[in-house]
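What follows is a single structure, written as structure tokens, with notes after it.
The values are calculated or read from the model by the stated rules, or taken from the named source; none is laboratory data. Nothing here was measured: the structure is a model prediction, and the numbers come from that model. Cβ atoms come from the backbone with ideal geometry, glycine included; neighbour counts cover every protein chain shown. Ligands, DNA and RNA are stripped out before the accessible areas are found, and what is left, the full protein with its side chains, is counted by its heavy atoms. Shrake-Rupley method; radii C 1.70, N 1.55, O 1.52, S 1.80 Å.
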Amino acid sequence: MSILQLNDLYFKPFINKDEINAIVKHLATQVYEDLPKNEVPIFVGILNGCFLFAADFIREFKGDCEVSFVKLASYQGTSSSENVKQLVGINEDLEGRTVIILEDIIDTGNTLQEIYNIFRNKNLKELKVVSLFFKPDVFKKELPINYIGKSIEDKFIVGYGLDYNGLGRNYPEIYQLSTIPKMKNIVLFGPPGAGKGTQATFLKDMYNLVHISTGDVFRFNIKNATELGLLAKKYMDEGDLVPDEVTINMLKAEVEKNADANGFIFDGFPRTQSQAEALDAFLGDKNEQINAMIALEVPEDVLVERLLERGKTSGRTDDTDEEKIRNRFNEYNTKTAILKDYFDAQGKYYGIHGVGSIEEITKRISGVFDKL
């Protein structure tokens, strides 16, 4: 989940789809267990917002049931209107029936009051209300809400059926109204020998960004025997991979050190999709996001020549063996393919031709920077 822009507003990640699914399943189980075993309730969804919630809830409900919908309107932009209109009513004969209302969110209670008005003279056996989300700070009515999935603060949310001026309903997660991101954050990627370090040095000065190199961060933490450094060294000494959590916490610490930065160039991180998701979540909590993944694309044979040449003076043994070099490329290609798809799905992947002079390549990357 990353920062979402809908029309003129920005929204940050708030509730992921796994948590939503768990809440819905719990609500459906509660309702089923509270009903008499031979009861066939009729679930009434309040459109438009509840359509995803209603569909998932009904699939989780283990008993027989009927389903209907009413459509009410109370939102204009991001604020709840005091005037609620009934647009579509119930046509079924509900006398003696148990009716269970499915609502996506209850805030002021104006819509809920209208619901009670609709069913006041229907001679129901029982009326219950299930709300996925509830804003207790602004609830104005003396009306019962039988089942609440999650209580939240009074901030506008979108996703999972909820919209902002018609947009956002199709997202499987919930996003919360946020401020405009202020930073420009870049993931700089490329195979060994592509020139990431060189380009990062130029770009951080051109755009006044902080360059965070995973290798440098590891070396700093290990050299200074920080808690994370000692933990990482323990894994490395035992020949094990350093867990994502340790790497991510090191990167987080670097970001926190530079809270007033204009943005960051992440070099060598993320390397896996789980790391990318963790980075998105961390930045999202700060109302920030990754703006682009810029990948330097260089033919493998050119890179092999570069690294073998570098190996003559660098002292790095892994730059002197062509087989080891190509194995490093295989590892990079496997990981990059996943990350490319991840960022491409967000419209944030930019492949840059990485052959040419340093100045030419910098100019190509700057062309991407200047459009972000």
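Of note:
- Here the strands (runs of 3 or more DSSP E) wholly within segment 1-61 that include at least 1 residues being among the basic types (Lys, Arg) and in contact with a helix residue (DSSP H, G or I) (Cβ under 6 Å, 6 or more places away or on another chain) are 9-15.
- Filter pass, Val44 being aliphatic (A, V, I, L, M), touching a residue at least 40 places away in the same chain (Cβ under 8 Å) and farther than 21 Å from Pro172 by Cα: yes
- Tally, over segment 9-67, of residues that are under 20 Å from the mean Cα position of the chain (by Cα) and among the hydroxyl-bearing types (Ser, Thr, Tyr): 1
- In segment 249-278, the residues that are under 28 Å from Gly193 (Cβ atoms) reach residues that are outside any helix (DSSP H, G or I) and of a type in the set (Lys, Arg) with C-beta atoms within less than 6 angstrom, at least six apart or across chains, in these pairs: Gly263/Lys184.
- Top-ranked residue of segment 198-212 - restricted to ones that are open to solvent by 40 Å² or more (accessible area, probe 1.4 Å) and either in a helix (DSSP H, G or I) or touching a residue at least 60 places away in the same chain (Cβ under 8 Å) (or both), ranked as nearest to Met183 (Cα to Cα): Tyr207
- Test result for Ile358, surrounded by fewer than 13 Cβ atoms within 10 Å (Cβ to Cβ) and either touching a Ser or Thr at 6+ places or on another chain (Cβ under 6 Å) or in contact (Cβ under 8 Å) with a residue 60 or more places away in the chain (or both): yes
- If you go through segment 126-145 and pick out every residue that is surrounded by fewer than 16 Cβ atoms within 10 Å (Cβ to Cβ) and under 20 Å from Ala28 (Cβ atoms), you end up with 2.
- Restricting attention to segment 170-194, the residues being open to solvent by 20 Å² or more (accessible area, probe 1.4 Å), within 18 Å of Ser2 (Cβ to Cβ) and not hydrophobic (A, V, I, L, M, F, W, C) number 9.
- Candidates in segment 159-197 are the residues that are assigned to a strand (DSSP E or B) and touching a Lys or Arg at 6+ places or on another chain (Cβ under 8 Å); of these, the one that is farthest from Val302 (Cα to Cα) is Leu162.
- Taking segment 16-42 as the range and being surrounded by fewer than 20 Cβ atoms within 10 Å (Cβ to Cβ) and among the hydrophobic types (A, V, I, L, M, F, W, C) as the test, the residues that pass are Ala22, Ile23, Leu35, Val40, Ile42.
Each row is one residue, and each column tells you yes or no for (1) among the acidic types (Asp, Glu); (2) within 19 Å of the chain's Cα centre (by Cα); (3) open to solvent by 50 Å² or more (accessible area, probe 1.4 Å).
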{"residue": "Leu231", "(1), (2), (3)": "no, no, yes"}
{"residue": "Met236", "(1), (2), (3)": "no, no, yes"}
{"residue": "Thr247", "(1), (2), (3)": "no, no, no"}
{"residue": "Ala253", "(1), (2), (3)": "no, no, no"}
{"residue": "Phe269", "(1), (2), (3)": "no, yes, no"}
{"residue": "Thr272", "(1), (2), (3)": "no, yes, no"}
{"residue": "Ala276", "(1), (2), (3)": "no, yes, no"}
{"residue": "Leu279", "(1), (2), (3)": "no, yes, no"}
{"residue": "Lys286", "(1), (2), (3)": "no, yes, yes"}
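- Given (1) part of a loop (DSSP other than H, G, I, E, B); (2) modelled with pLDDT under 95, index of the condition Asp64 fails: (2)
- The one condition from (1) surrounded by 20 or more Cβ atoms within 10 Å (Cβ to Cβ); (2) acidic (Asp, Glu); (3) closer than 30 Å to Asn327 by Cα that Asp104 does not meet is (3).
- Selection within segment 197-236 - under 22 Å from Thr272 (Cα atoms) and among the acidic types (Asp, Glu): Asp216
Per-residue answers, yes or no, for (1) in contact (Cβ under 8 Å) with a residue 24 or more places away in the chain; (2) under 25 Å from Asp205 (Cβ atoms); (3) not hydrophobic (A, V, I, L, M, F, W, C):
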| residue | (1), (2), (3) |
| --- | --- |
| Gln289 | yes, yes, yes |
| Glu300 | yes, no, yes |
| Leu308 | no, no, no |
| Gly347 | no, no, yes |
| Lys363 | no, yes, yes |
| Gly367 | no, yes, yes |
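- From the list Lys312, Lys340, Lys335, Lys324, the one residue that fits, being open to solvent by 50 Å² or more (accessible area, probe 1.4 Å) and in contact with an Asp or Glu (Cβ under 6 Å, 6 or more places away or on another chain), is Lys324.
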